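Data first, discussion second: the structure below is written as structure tokens.
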Amino acid sequence: MRLVSLLPSATEIVYALGLGDDLVGVTFECDEPPSARTEKTVVVGGRDTRGMTPGEIDAYVRGRLEEGGDLYTLHADALAGLAPDLILTQDLCRVCALPSGHVTDALDHLGCRADVVSLDPYSLDEVLGTIREVGIAAGVPERAEKLISELRARLDRVATAVAGRARPRVTVVEWVDPPFSAGHWVPDLVTAAGGDPVAANGGKRSVQTTYEDMAAPAPEIVLVTPCGFHLDGAIEQARRVVPHFPDAQVWALDADGLIVRPGPRLVDGVEAIAAILHPDVVPSPPGAAARVN
């Protein structure tokens with residue numbers, strides 16, 4: 001089966017299922033594993049926002065959406081040339097990836113008969129369910145069930161380690177300018193790690209808010225996880241957050257690697273958060289997080 005992934009999390013799922021050799025197309029943002037972007041055909045492009053501030057990125061995104069424009073470009077001819085059997089896409093967020101409707105329209109125009117599977121989880125359990133969806137669609141359901149069992153076993157180990165302990169209040173900042181609170185599966189990660197997510201929107205979209213509202217529940221821990229950034233970028237942005245939470249520990253995390261992409265590495269994110277909240281019982285994964293105050 002020839003697979004095309006139109007979002008980074010789906011690419012990670014494909015590789016975790018041992019289907020990397022079957023993957024023929026990816027997006028310009030697929031960087032895990034690093035070989036995905038260099039060895040596969042890139043069929044979705046977009047603007048390089050490196051060098052832009054969070055405020056500038058937000059203004060660009062809002063402007064494009066208000067104009068009815070797209071943030072991503074589907075290289076339709078390249079996609080057709082790959083003759084895919086299965087395309088993995090999403091409708092969860094227009095800011096994160098190309099919507100499935102765009103893909104279906106392009107396939108109809110090209111006369112391509114690939115199956116399109118849209119992965120749209122809103123909770124941690126639903127993220128694990130997308131692994132099952134991909135496994136079934138790609139013809140490897142047993143591999144998917146094995147991977148899910150392994151991930152759940154790791155979550156169970158964290159749950160056992162933090163059981164009965166006090167749960168620190170945790171605010172997650174998903175974007176710093178303007179500030180956005182945690183949504184979708186992110187509050188689930190905090191709960192699974194032994195924390196109490198506050199100023200959050202579990203199972204719903206992340207929404208713009210104010211630092212005053214995020215500070216109102218008096219969080220003890222603040223996690224800065226800006227979508228689209230790894231640890232170095234998160235550290236830089238977390239320094240801007242520190243003045244808004246003078247009584248809390250402020251931590252930066254590898255957002256793209258651990259928090260915002262709905263794939264298998266969210267369990268790494270749970271382990272990293274648990275190490276922040278309960279460092280005496282959960283070891284810290286190297287290079288996952290850094291305290292900035």
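The values are calculated or read from the model by the stated rules, or taken from the named source; none is laboratory data. Every value quoted in this text rests on a predicted model; they were computed, and no experiment measured them. Positions of Cβ are generated from backbone atoms using ideal geometry, with glycine treated the same way; all protein chains shown enter the neighbour counts.
Assess whether Glu271 counts as being charged (D, E, K, R), in contact (Cβ under 8 Å) with a residue 40 or more places away in the chain and in the same structural domain as Pro179 (by TED's automatic domain parsing). Don't jump to the end; show me each part of the working.
Values: charged (D, E, K, R): yes; in contact (Cβ under 8 Å) with a residue 40 or more places away in the chain: yes; in the same structural domain as Pro179 (by TED's automatic domain parsing): yes.
Answer is yes for this residue.
From the set of residues in segment 107-136 that are of a type in the set (Ser, Thr, Tyr) and in a loop (DSSP other than H, G, I, E, B), which is modelled with the highest pLDDT? So that I can check it myself, show each step before the final result.
Filtering segment 107-136 for residues of a type in the set (Ser, Thr, Tyr) gives 118, 122-123, 130.
Next cut, in a loop (DSSP other than H, G, I, E, B) only: 122-123.
Numbers: Tyr122: 94, Ser123: 97.
The selected residue is Ser123.
Please give the number of the condition Met52 fails out of (1) among the hydrophobic types (A, V, I, L, M, F, W, C); (2) buried (at least 21 other Cβ atoms within 10 Å of the Cβ); (3) not in a helix (DSSP H, G or I).
(2)
Residue-wise test of (1) among the hydrophobic types (A, V, I, L, M, F, W, C); (2) more than 30 Å from Gln90 (Cβ to Cβ).
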| position | (1), (2) |
| --- | --- |
| Val224 | yes, no |
| Cys227 | yes, no |
| Val242 | yes, yes |
| Ala252 | yes, no |
| Gly257 | no, no |
| Pro264 | no, no |
| Val292 | yes, yes |
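Could we say that Thr104 is in contact with a Gly (Cβ under 9 Å, 6 or more places away or on another chain) and modelled with pLDDT under 80 here?
Numbers: in contact with a Gly (Cβ under 9 Å, 6 or more places away or on another chain): no; modelled with pLDDT under 80: yes.
It is false that Thr104 is in contact with a Gly (Cβ under 9 Å, 6 or more places away or on another chain) and modelled with pLDDT under 80.
Identify, please: which residue in segment 212-263 is part of a loop (DSSP other than H, G, I, E, B) and free of Cβ contacts under 8 Å to residues at least 24 places away in the same chain and is, among those, farthest from Leu128 (Cα to Cα)?
Pro246
Starting from residues that are among the β-branched types (Val, Ile, Thr) and either in a loop (DSSP other than H, G, I, E, B) or at pLDDT below 80 (or both), keep the ones in segment 55-87 and report whichever is nearest to Asp256 (Cα to Cα).
To start, the set of residues in segment 55-87 that are among the β-branched types (Val, Ile, Thr) comprises 57, 61, 73, 87.
Narrowing the set further to residues that are either in a loop (DSSP other than H, G, I, E, B) or at pLDDT below 80 (or both) leaves 61, 73.
On the way: Val61: 18, Thr73: 21 Å.
Once the filter is applied, the top-ranked residue is Val61.
Can you tell me how many residues in segment 231-264 are touching a Gly at 6+ places or on another chain (Cβ under 6 Å) and not β-branched (Val, Ile, Thr)? Before the answer, list the steps.
Taking segment 231-264 and keeping what is touching a Gly at 6+ places or on another chain (Cβ under 6 Å), we get 258-259.
With the extra rule that they be not β-branched (Val, Ile, Thr), the set shrinks to 258.
Total satisfying the criteria: 1.
If you scan segment 177-189, which residues turn out to be more than 17 Å from Asp156 (Cβ to Cβ) and touching a strand residue (DSSP E or B) at 6+ places or on another chain (Cβ under 9 Å)?
At the first step, the residues of segment 177-189 found to be more than 17 Å from Asp156 (Cβ to Cβ) are 177-187.
Residues satisfying the conditions are Pro178, Pro179, Phe180, Ser181, Ala182, Gly183, His184, Trp185, Val186, Pro187.
State all residues of segment 41-86 that are under 23 Å from Cys227 (Cβ atoms) and touching a Leu at 6+ places or on another chain (Cβ under 7 Å); if no residue qualifies, say none.
Step one: list which residues in segment 41-86 are under 23 Å from Cys227 (Cβ atoms), which gives 42-74.
Matches in segment 41-86: Val43, Val44, Gly46, Val61, Arg64, Tyr72, Leu74.
Please give the number of the condition Lys204 fails out of (1) within 24 Å of Ala166 (Cα to Cα); (2) in contact with a strand residue (DSSP E or B) (Cβ under 6 Å, 6 or more places away or on another chain); (3) outside any helix (DSSP H, G or I).
Lys204 satisfies every listed condition except (1).
Consider segment 16-39. How many of its residues are part of a helix (DSSP H, G or I) and among the acidic types (Asp, Glu)? Break it down into steps so the answer makes sense when it comes.
Within segment 16-39, the subset part of a helix (DSSP H, G or I) is 16, 20-22, 35-39.
Applying the additional criterion that residues be among the acidic types (Asp, Glu) yields 21-22, 39.
Looking only at that region, the number is 3.
Looking only at segment 142-189, how many residues end up being in a helix (DSSP H, G or I) and either surrounded by fewer than 23 Cβ atoms within 10 Å (Cβ to Cβ) or among the β-branched types (Val, Ile, Thr) (or both)? Break it down stepwise before answering.
So in segment 142-189, the residues in a helix (DSSP H, G or I) come out as 142-162, 186-189.
Next cut, either surrounded by fewer than 23 Cβ atoms within 10 Å (Cβ to Cβ) or among the β-branched types (Val, Ile, Thr) (or both) only: 142-143, 145-162, 186, 188.
Total satisfying the criteria: 22.
Of everything in segment 1-39, what is of a type in the set (Phe, Trp, Tyr) and closer than 19 Å to Ile136 by Cβ? Give them in sequence order.
Tyr15 - this is the single residue of segment 1-39 that is of a type in the set (Phe, Trp, Tyr) and closer than 19 Å to Ile136 by Cβ.
Which members of segment 1-15 meet the condition of being in contact with a helix residue (DSSP H, G or I) (Cβ under 6 Å, 6 or more places away or on another chain) and either without any contact (Cβ under 8 Å) to a residue 40 or more places away in the chain or in a helix (DSSP H, G or I) (or both)?
Across segment 1-15, the qualifying residues are Thr11, Ile13.
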